[in-house]
Amino acid sequence: SQQGEEDPQALSIQEGENATMNCSYKTSINNLQWYRQNSGRGLVHLILIRSNEREKHSGRLRVTLDTSKKSSSLLITASRAADTASYFCATVILNNAGNMLTFGGGTRLMVKP
Amino acid sequence: KAGVTQTPRYLIKTRGQQVTLSCSPISGHRSVSWYQQTPGQGLQFLFEYFSETQRNKGNFPGRFSGRQFSNSRSEMNVSTLELGDSALYLCASSPGGGQRNTEAFFGQGTRLTVV
């Protein structure tokens, strides 16, 4: 079963605008990760934020984590048409022995040129 | 470094048949996980193998099984296929061991269609 929900389920913006996606999860985590998927292909890792971190940046990406609310957000600034994809958050549950990822439902982002 | 390789890329099988999917992880990675992706259920964890041992298992029936070889390559098998098994099956590799805060590297997936 999925760890949580992402919202919105779909987002359509113009090139140059910012896109914000939110993720909520249910249990205590070791870390939270964001992945991108283009047209039903493999997932590409974007960024990982540990449970003791509150904010992380990577290029045009900014991720925040609020463990008290069990939520995270992904901000893509100055979006490009090439950012059109589905975005998933995934958690590694605290005290899990391995690297099992539990995914949210994803946000489908469309960036119009 | 070569990425995660999954074979075959596409597969069409008939109900009741069985299928074996293969995954070669990134060289040096010892953890291999499998996920099923469907429009209705999203991305769901199947199982994880580390050093030839199953370390985690998702909530799937016993028809779904897997194994890992000494070179870290992994296979998953689905027996007595059902129409609902049609999905994109994704394999992910990571260094494993005590490194918890690491990203997973995904293959391009195997698209299984059951008719």
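The values are calculated or read from the model by the stated rules, or taken from the named source; none is laboratory data. A quick note: this is a predicted structure, and the numbers were derived from the prediction, not measured. Positions of Cβ are backbone-derived with ideal geometry, glycine not excepted, and every protein chain shown enters the neighbour counts.
Here are a few things to note about the model shown:
- Filtering B:E103, B:E52, B:E75 for residues that are of a type in the set (D, E) and under 30 Å from A:Q9 (Cβ atoms) leaves a single hit, B:E103.
- Where A:S12 falls short, out of the listed (1) closer than 27 Å to B:K57 by Cβ; (2) among the polar types (S, T, N, Q); (3) assigned to a strand (DSSP E or B): (1)
- Members of region B:17-29 that are over 13 Å from B:N77 (Cα atoms) and part of a loop (DSSP other than H, G, I, E, B): B:P25, B:I26, B:S27, B:G28, B:H29
- Close Cβ contacts (under 7 Å, 6 or more residues apart or on different chains) running from residues in region A:88-105 that are more than 7 Å from every other protein chain (Cβ to nearest Cβ) and more than 15 Å from B:S33 (Cα to Cα) to residues that are assigned to a loop (DSSP other than H, G, I, E, B) and among the small types (G, A, S) comprise A:C89/A:G104; A:L94/A:S28; A:G104/A:G4.
- Matching residues, region B:30-51, being assigned to a loop (DSSP other than H, G, I, E, B) and either modelled with pLDDT of 95 or more or within 9 Å of chain A (Cβ to nearest Cβ) (or both): B:Q41
- Of the residues making up region B:52-71, those that are closer than 18 Å to B:D85 by Cα and outside any loop (DSSP other than H, G, I, E, B) number 4.
- Residues (of a type in the set (D, E, K, R) and touching a helix residue (DSSP H, G or I) at 6+ places or on another chain (Cβ under 9 Å)) located in region A:19-76: A:R36, A:R60
- Picking from residues in region B:69-84 that are touching a strand residue (DSSP E or B) at 6+ places or on another chain (Cβ under 6 Å) and not hydrophobic (A, V, I, L, M, F, W, C), the one that is surrounded by the most Cβ atoms within 10 Å (Cβ to Cβ) is B:S74.
- Any hit, region B:59-68, residues being surrounded by 14 or more Cβ atoms within 10 Å (Cβ to Cβ), closer than 19 Å to B:I26 by Cβ and within 14 Å of chain A (Cβ to nearest Cβ): yes
- Near pairs, Cβ below 8 angstrom, 6+ apart or cross-chain, from region A:68-80 (part of a loop (DSSP other than H, G, I, E, B)) to any residue that is basic (K, R) and at pLDDT below 95: A:K70/A:K26
- Number of residues in region B:75-101 that are polar (S, T, N, Q) and within 7 Å of chain A (Cβ to nearest Cβ) equals 2.
- Taken over region A:1-46, the criterion of being within 10 Å of chain B (Cβ to nearest Cβ) and either free of Cβ contacts under 8 Å to residues at least 24 places away in the same chain or of a type in the set (S, T, Y) (or both) is satisfied by A:S1, A:Y35, A:G40, A:R41, A:G42, A:V44, A:H45.
- All of (1) surrounded by fewer than 19 Cβ atoms within 10 Å (Cβ to Cβ); (2) away from chain B (no Cβ under 14 Å); (3) among the β-branched types (V, I, T) hold for A:I76 with one exception: (1).
- Qualifying residue in region A:61-72 (condition: away from chain B (no Cβ under 14 Å) and within 13 Å of A:L11 (Cα to Cα)): no
- Looking only at residues in region B:1-33 that are touching a Phe, Trp or Tyr at 6+ places or on another chain (Cβ under 6 Å) and among the hydrophobic types (A, V, I, L, M, F, W, C), the one that is surrounded by the most Cβ atoms within 10 Å (Cβ to Cβ) is B:V32.
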